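Single-structure report; data block below.
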Amino acid sequence: AIGGRAEAWVTDDVRLGVTAMRETTGTTDQRTASVDARVNIGNDSFVTAEVAQSEGLGFGRSISTDGGLTFDAETGVDGATASAARVDAHLDLADMGTDTPGFVDLYFERKDAGFSTLAEDITEDQTLVGVDAEVTVTQRLTFGAAAESFEKASGDQKNSAEIRGTYD
């Protein structure tokens with residue numbers, strides 16, 4: 001197995017990176033590569049984007065749902081070349097010209113069936129979209145909200161939302 005990462009700030013506000021990994025086992029060879037970028041758009045605001053591609057059968061796993069008494073083996077993926085992409089944005093309200101402290105986080109992630117890493121083997125296309133925001137109303141009162149939608153190609157989906165408040 002061999003892998004590495006390189007990144008460089010090409011300007012004061014733009015960072016580019018590349019990551020690659022290869023594992024050769026004979027029966028389950030695996031390759032993964034990605035490129036990413038981060039663009040700072042204020043003191044505390046930024047956008048990051050990453051595109052990755054994997055090729056191979058994945059790594060498979062043994063999973064226990066009863067504390068280790070029994071294990072179910074999960075096989076890897078079909079070995080095809082597959083891609084994934086993710087975009088994140090963190091927008092600080094002060095950077096956006098407001099006097100109110102707070103932030104808005106946005107994210108989008110897409111993984112194709114067959115994409116695999118050390119942590120996961122994706123067996124069907126999936127998409128994740130989310131937002132999280134928080135605003136400080138007074139020194140003692142903060143409100144926030146978040147929403148997320150996760151969907152698989154088979155039609156499985158999970159939607160969640162929350163509203164929160166903090167009084168110190």
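For the listed peptides 34-43, 19-28, 152-161, 85-94, a ranking on the average number of other beta carbons within 10 Å per residue, highest first, reads 85-94, 34-43, 19-28, 152-161. Set against the 2.2 N^0.38 Å expectation for a compact globular protein, segment 91-168 has a Cα radius of gyration ratio of 1.47.
Were the residues from Ile41 through Glu120 laid out at 0.36 nm apart, the gain over their Cα-Cα distance would be 25.3 nm.
Here the spin labels are modelled as points 7 Å beyond Cα on the Cα-Cβ line, and at Leu128 and Val18 they lie 2.7 nm apart.
All of the numbers you see were taken from the coordinates with simple rules; none came from a lab. This structure is a prediction, so every number in the text was calculated from the model and none was measured. FYI the Cβ positions are ideal-geometry reconstructions off the backbone, even for glycines, and counts take in every protein chain you see.
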